[in-house]
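The next block holds one structure in the form of structure tokens; read it before the comments.
The values are calculated or read from the model by the stated rules, or taken from the named source; none is laboratory data. Please read all numbers here as calculations on a predicted model, not as lab measurements. A quick note on method: Cβ atoms are made from the backbone with ideal geometry, for glycine too, and the neighbour counts reach across all protein chains shown. Note: accessible area is taken over every heavy atom of the protein model, side chains too, but ligands, DNA and RNA are not part of it. Shrake-Rupley method; radii C 1.70, N 1.55, O 1.52, S 1.80 Å.
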Amino acid sequence: MRPVSITDLMSMARPNEELKEKLTAFLANSPDMCLQCARCTSGCTAFELLELKPHEVVALARLGFLEELVASSTIWDCALCLKCVERCPQRIGPAELLLALRNEACSRGLEIPEGFRSVLMTLMETGMAFPPRRRPARDGRSYGREEVGLPEVRMAPSEVALMALMELLGGA
Amino acid sequence: MSEAAVLVIGGGIAGIQAALDVADQGVKVYLLERTPSIGGHMAMLDKTFPTLDCSLCILTPKMVDVARHPNVELLTYCELLDIKRADKGFEVRVLKKARYVDESKCTGCGICMEKCPVRVPSEFDQGLGYRKAIYMPFPQAVPRKATIDPDHCLYLTRGKCRICEQLCPAKAIDFKQKDQEITLKVGAIIVATGFGLLGVEGLPEYGFLPSENVITHLQLERMLSSTGPTRGRIVRPSDGREPRSVVFLTCVGSRDERANPYCCRIGCSIAVKQALLLRERLGPKADICICFMDMRTYGRGLEEFYSRAREEGIRFIRGSPSDIRVLPDGSLRLTAFDQATGKLLELRADLVVLVVGITPPEGLRELASLLKIPVGPDGFLLEAHPKLRPSETPITGIFLAGACQGPKDIAETTAHASAAAMKAASMLSKGYMVGEPFVAVVDEARCRGCGRCEEVCEFKAVEVVEDGGRLVAQVNEALCRGCGSCAVRCPTGAINIRNFTGQQMLAQAAVAAR
């Protein structure tokens, strides 16, 4: 690890180089490559929701100020539309960085928003993020799968599959 | 037909390139250099961007080529005294300063430099190392001849010592040598005086820092060089330890209304280059940080170079530090506002490198007034046309090469110098000149031969002659630059600029005011 010679004079925080290495290892390109063009923010679908804008998230990660990002609500507000990943001229992909930050927050057992928790529960119970529902058609009427001749979906996940998934995600 | 010789003023890469290109066309060249060796700033560099070529490895072959060229006469350790317009060109007086060493005998063995007891801070090493009172500025100096510094030599200042004289195996030391004056006749002059570096004394945020650990980029360049004062080792000047963190400050005095309002063009690329070289020398553990206003690594291969620096973990912070404080252990504390994160950062550095701005070289204004060529508002010499005649001046026979016309990198400098050489050589080989139509004309009926026009003419283009028993002014159209001084001075209105007469101006004014 290189010596850290930077201090944030407002919070007296020091960059966390180890965490930076861990969280950016799977990105196509390191946030070090960011030129701060802010194209990610200019086209961001969730712009109005975000306290920290995508380019600011990358800038903080670049300097190694990741602790405040892991604890930030911003990382949960991203809609994961992946426009920023497609359009980043340096192939950094802020959305992927946000995913890495979410994973870190989860593995630390930090509070996650209620919406995500309910999706998670459905997943555990049914094996799906969203259970099959009746959908409206052009004629204005709603149809279920069986009415249009689609086979029934098996709802409960197998014990084996659930265990495999848990293992993949690294525990509870 | 002009005098068939060219004077090149300045022996840096611009002057060397221009001299070689003129000489290759069969024209005699005098290459004038005020220091003991040619080479200029390029000789001080360790590596060049973006290819990281060893600077001296690509420069020294050219230095040797120019010194050995049959058409080139090297005039090193010489000062320009005076330039006069002679009818077919210029008459140049040059002061050949005494080296106190017979150049025809000196073999450059270096024994004198080893034994000389006087140590002087080396100009070439930017004050980081020492040279002796008898010295060659650097090991690859051309000509490879020793020079005695008369201000520091014990014999020349106090009448004692003479060790070099006793030890010189070639008996080359000659304390009786005197400064000599040489007169040259040339048809064209190429100005290639290069650039200077800004002093930071006038900038309160950088000046007056009581620390040796704040150095300029040129000092770092000398430290990086394997022939430099530290043999390529990177150290903190205060204690000789290897720095673990280095902060670069770009735009020091550049883009600054208090110093140089213009961009130095090469500072960003220099910072990126030096940061990469430091990464190589100090290893992956060193924290290297570049604080910048804008990163202007323009040009071929330079954006990729900047990318490489980011890949190699060089920190880039958009925000210029303001407070620099020296800590008790000799390291430095800087505060910088990072615009990307909106954080006020404190940076701790063992070494701070100032990428200082580029200025016109010392004495350029005096040279310009001697040559009667215009100077731009930035203090650099002004070209005849900013797009189409970049290496010519408005004065026929005087050409510009390299950074004396404005900041340039090495590639731009050599291209500019080759262009100046081509222009000078083609002017001489043509044997005639194409003048501008806007020259002074004399209405002989009105002229009473008072000679005031002759007095004010900067270019010696007007002369009062006897014609049919009376005195009358005569204009040499080849020398006249159409400046209009004579027309203003003439008491009878007898002398006017062709197509710019008072009547024409009044008529234009009348239409404009209609």
Query raised in the report: Taking chain A as a Gaussian network, Cα atoms linked when under 10 Å apart, which of A:Arg91, A:Arg117, A:Arg62 shows the biggest mean-square fluctuation?
Result: A:Arg117
Query raised in the report: Roughly what % of DSSP beta bridges within chain B run antiparallel, to the nearest 5?
Result: 60 percent
Query raised in the report: Hey, if you drop one equal point scatterer on each alpha-carbon of the stretch B:166-311 and run the Debye formula without solvent, what base-10 log of I(q)/I(0) do you get at q = 0.16, 0.21 Å⁻¹?
Result: -0.97, -1.44
**Report entry** Base-10 log of normalised Debye intensity for chain B (one unit scatterer per alpha-carbon) at q = 0.05, 0.08, 0.09, 0.11 Å⁻¹
**Finding:** -0.26, -0.62, -0.76, -1.02
Report task. Please report, as a whole percent, how much of the solvent-accessible surface of the stretch A:6-107 comes from carbon and sulfur atoms (probe radius 1.4 Å). Result -> 52 percent
Report summary line: Using alpha carbon centers only, the stretch B:405-466 is separated from the stretch A:95-172 by a whole-angstrom value of 84 Å
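Whenever you get a sec, compute what percent of the accessible area on the stretch B:70-202 sits on carbon and sulfur atoms (1.4 Å probe).
49 percent
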Query raised in the report: Within the stretch A:124-138, whose backbone N sits under 13 Å from a point 7 Å along Cα→Cβ of A:Leu150?
Result: A:130-137
Query raised in the report: Given a 1.4 Å probe and the protein chains all in place, what does the accessible area of B:Leu74 round to, in Å² to the nearest 10?
Result: 40 Å²
**Report entry** the protein assembly as shown, helix-only ellipticity at 222 nm - DSSP H runs n ≥ 4, -39,500 (n - 2.57), divided by all residues, nearest 500
**Finding:** -8000 deg cm²/dmol
Report summary line: Which of A:Gly93, A:Gly109, A:Gly144 fluctuates most in a GNM of chain A (C-alpha springs under 10 Å)? That residue is A:Gly144
Query raised in the report: Which of A:Asp139, A:Asp77, A:Asp32 moves the most in a Gaussian network model of chain A with Cα springs under 10 Å?
Result: A:Asp139
Query raised in the report: In the stretch B:198-359, what % of DSSP beta bridges are antiparallel (nearest 5)?
Result: 35 percent
Query raised in the report: When DSSP assigns beta bridges and you keep just the ones with both residues in the protein assembly as shown, what percent turn out antiparallel, to the nearest 5?
Result: 60 percent
Report summary line: Karplus-derived 3J(HN,Hα) from phi for the stretch A:140-152 (6.51 cos²θ - 1.76 cosθ + 1.60, θ = phi - 60°), whole Hz, x at Gly and Pro, runs x, 8, 9, 10, x, 4, 5, 5, 9, x, 8, x, 5
Report summary line: With R₀ set to 35 angstrom, the calculated FRET efficiency between the beta-carbons of B:Arg281 and B:Asp24, to the nearest 0.05, is 0.35
**Report entry** Accessible-area composition of the stretch A:114-168, carbon plus sulfur, in percent [1.4 Å probe]
**Finding:** 61 percent
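What length, rounded to one decimal in nm, is gained on full extension from B:Asp239 through to B:Val511, with 0.36 nm per residue of separation minus their alpha-carbon distance?
Difference between extended and current length: 90.5 nm.
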Report summary line: Scalar couplings 3J(HN,Hα) for the stretch B:414-423 by Karplus 6.51 cos²θ - 1.76 cosθ + 1.60 (θ = phi - 60°), nearest whole Hz, x for Gly and Pro, are 5, 5, 5, 5, 5, 5, 4, 4, 4, 5
Query raised in the report: At a probe radius of 1.4 Å, what is the per-residue accessible area of B:Thr51, in Å² to the nearest 10?
Result: 90 Å²
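For the stretch A:6-107, what is the accessible area per residue in Å², given a 1.4 Å probe and the full set of protein chains?
48 Å²
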**Report entry** Rounded D (µm²/s) - the protein assembly as shown, Kirkwood Rh over Cα pairs, Stokes-Einstein at 4 °C, 1.567 mPa s
**Finding:** 42 µm²/s
Report summary line: For the stretch B:345-368 the residues that are at least 10 Å² less accessible with all protein chains than alone, 1.4 Å probe, are B:Leu345, B:Glu346, B:Leu347, B:Arg348
**Report entry** Simple spin-label estimate for A:Arg14 and A:Arg117 in nanometres, 7 Å along Cα-Cβ
**Finding:** 3.5 nm
Query - Contour minus Cα-Cα distance for A:Ala79 and A:Glu67 (0.36 nm per residue) - result: 2.1 nm
Query raised in the report: Using alpha carbon centroids, what distance separates the stretch B:320-378 and the stretch B:109-161, in Å?
Result: 31 Å
Requested in this report: Work out which residues of the stretch B:267-313 lose at minimum 50 square angstrom of accessible surface when the other protein chains are put back, relative to the chain isolated, with a 1.4 angstrom probe, and list them by number.
Outcome: B:Lys285, B:Asp287, B:Arg310
Requested in this report: Estimate the FRET efficiency between B:Asn499 and B:Glu458 by the formula 1/(1 + (r/R0)^6), using the beta-carbon distance for r and 22 Å for R0, to the nearest 0.05.
Outcome: 0.60
Requested in this report: Using a 10 Å Cβ count of at most 13 others and DSSP loop calls, identify the longest part of chain A lacking such GluC sites (Glu not before Pro).
Outcome: A:52-110
Query raised in the report: Under a plain spin-label model, where a point goes 7 Å from the Cα along Cα-to-Cβ, how far apart in nm are B:Cys450 and B:Lys171?
Result: 6.7 nm
Query raised in the report: Any idea what the dipole of the stretch B:318-467 comes to, in debye rounded to 20, about its Cα centre with Lys/Arg Cβ at +1 and Asp/Glu Cβ at -1?
Result: 500 debye
Query - Paramagnetic reach from B:Thr107 in the stretch B:128-155 [backbone N under 16 Å; point 7 Å along Cα→Cβ] - result: B:144-146
Report task. Roll a 1.4 Å probe over the protein heavy atoms and report the accessible area of A:Leu23 in Å², nearest 10. Result -> 10 Å²
Query raised in the report: Between the stretch B:243-283 and the stretch A:1-71, how many Å separate their Cα centres?
Result: 24 Å
**Report entry** Derived scalar couplings ³J(HN,Hα) [the stretch B:398-406; Karplus, 6.51 cos²θ - 1.76 cosθ + 1.60; whole Hz; x for Gly, Pro]
**Finding:** 10, 10, 10, 9, x, 6, 5, 9, x
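Please give the total accessible area that chains B and A bury against each other, computed with a 1.4 Å probe and expressed in Å² to the nearest 100.
Answer for the B-A pair: about 2200 Å² buried.
What's the magnitude of the charge dipole for the protein assembly as shown around its Cα centre, counting Lys and Arg as +1 and Asp and Glu as -1 at the beta-carbon? Answer in Debye, nearest 20.
1120 debye
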**Report entry** Most to least accessible of B:Ser55, B:Ser211, A:Ser158 (protein chains only, probe 1.4 Å)
**Finding:** A:Ser158, B:Ser211, B:Ser55
Query raised in the report: For A:Cys44, which sequence-distant residues (separation of 5 or more, or a different chain) have an amide H within less than 5 Å of its own amide H, given hydrogens modelled in the peptide plane?
Result: none
Report summary line: For A:Ser42 and B:Ser426, extending 7 Å from Cα along the Cα-Cβ vector and measuring point to point gives, in nm, a value of 4.3 nm
Query raised in the report: What relative contact order, as a whole-number percentage, does chain A give when Cα pairs under 8 Å and 6 or more residues apart are counted?
Result: 17 percent
Report summary line: Rounded to 0.05, the calculated FRET efficiency for the beta carbons of A:Leu49 and B:Glu362 at R₀ = 51 Å is 0.30
Report task. Indicate the residues belonging to the stretch A:1-48 that lose 40 Å² or more of solvent-accessible heavy-atom surface (probe 1.4 Å) upon moving from the chain alone to the assembly of all protein chains, ignoring ligands and nucleic acids. Result -> A:Arg2, A:Pro3, A:Ser5, A:Ile6, A:Thr7, A:Leu9, A:Met10, A:Asp32, A:Met33, A:Leu35
Query - Residue-normalised accessible area of chain B, expressed per residue, 1.4 Å probe, Å² - result: 45 Å²
Report task. Please get the size of the charge dipole for chain A, origin at its Cα centre, with Cβ charges of +1 on Lys and Arg and -1 on Asp and Glu, quoted in debye to the nearest 20. Result -> 540 debye
